[in-house]
Amino acid sequence: MSKSYVFVVQPSGGKTKPLAIDDAMHQILDLVEWLRAPARARGNVCRYTWVLKAATTNSPLTVEIAPEATEEGTDVSGEADADFARASDAMRGLLGDINTGIPDWLDRKGLVVGKRILQRHQERIGLTRVYRRGEDDNVIHITPHISKTALDHIELYEIPAGSDIPKHTSFGEVFGRIQNVGEYRNRPAFWILTKGGDRITCRLTETRAKNVGMDKTLTDVWEGKRVRVVGRKYYGDGGDIRYIEAEALDIISFSAVGLDAILDDTFTGGMKSENYVDMLRGGDG
């Protein structure tokens with residue numbers, strides 16, 4: 001008898017909140033598509049299809065599926081279970097499990113599907129659980145916090161090998177003027193020019209791009225703005241910043257102030273006056 005497998009999808013805000021139909025259906029369809037990745041990697045025709053066994057529409061949405069042989073009388077339970085185990089390990093690899101890692105057999109299509117599953121937890125899905133029926137102690141849990149870490153993990157994994165691999169990193173801030181807005185290796189990005197003349201690439205995940213309101217169509221709005229970029233800095237061989245994974249972006253604006261405000265001891269936020277002026281001119285303070 002074939003085993004069955006369970007998906008549980010819960011909205012952000014807990015079980016009492018309604019789950020948007022788009023989120024629910026797309027998440028379930030992508031989870032099923034994720035289970036197809038191992039069979040695709042084998043390169044042979046899959047001998048089974050996934051069929052719906054049960055579903056509960058009350059929040060959380062619970063869907064139970066089972067394999068059904070495409071050829072009557074064929075036992076596919078072992079094959080399907082092996083594929084489920086392989087797909088589960090691959091998901092654990094995406095989530096950052098150092099014992100499994102992201103497998104070499106996972107193709108680009110599978111990676112895109114996995115990212116979609118994770119990305120919805122940065123929007124309106126609060127929890128996804130995947131497990132074999134009867135094995136509640138061996139569950140894949142995906143939450144907003146876990147998915148954010150996983151998406152960052154995937155982003156670094158997708159950096160091409162070779163000279164582009166950063167030699168070391170540090171967390172900090174950089175000041176400069178935005179030159180233009182666009183994409184860098186299929187990621188929303190912008191480029192800044194520092195006071196020292198260095199042109200630095202600042203990459204954003206899709207989530208962060210939404211948070212700071214970046215869009216390549218807004219180049220005319222952002223271009224020339226003096227900004228403070230906070231995030232993880234990735235350095236090359238020569239100690240130069242290869243790129244920044246931006247966590248936050250602040251526009252440095254200027255406004256007219258009176259003499260009393262300038263004479264106020266707290267005006268520069270505790271910085272020396274020469275450092276404060278240097279910051280306003282695009283330096284790093």
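Using a/c under 1.5 as the rounded threshold, could you call segment 5-157 rounded, prolate or oblate? The axes a ≥ b ≥ c are square roots of the C-alpha gyration tensor eigenvalues, and prolate needs a/b larger than b/c, oblate otherwise.
Oblate, because a/c is 1.5 or more while a/b does not exceed b/c.
Per 0.36 nm of contour for each residue apart, how much would the distance between residue 240 and residue 173 grow if the chain were fully extended, relative to their Cα-Cα spacing?
Full-extension gain reported as 22.7 nm.
Enumerate the whole-percent occupancy of each 10 Å bin, from 0 to the last occupied one, for all C-alpha pair distances of segment 1-66.
Going from the shortest bin to the longest, the percentages are 19, 45, 26, 9, 1.
Counting other Cβ atoms within 10 Å of each Cβ, which GluC sites (Glu not before Pro) in segment 1-94 have at most 16 and sit in a DSSP loop?
Details: sites: 33, 64, 68, 71, 72, 79; in loops: 71, 72.
When the GluC sites (Glu not before Pro) of segment 1-94 are filtered for loop state and at most 16 Cβ neighbours within 10 Å, 71, 72 remain.
Residue separation times 0.36 nm, minus the C-alpha to C-alpha distance between residue 230 and residue 137: what's the value?
29.5 nm
Take 51, 32, 227, 45 and order them by how many other Cβ atoms sit within 10 Å, fewest up front.
With the sparsest Cβ surroundings first, the list reads 45, 51, 32, 227.
When 168, 141, 26, 121 are ordered from fewest to most other Cβ atoms inside 10 Å of their Cβ, what list results?
Going from least to most buried by this count: 168, 141, 26, 121.
Every number here is computed from the coordinates shown, using simple stated rules; none is lab data. Keep in mind that this is a model prediction, so the values were computed, not measured. Please note: Cβ atoms are built from the backbone with ideal geometry, for glycine as well, and neighbour counts cover all protein chains shown.
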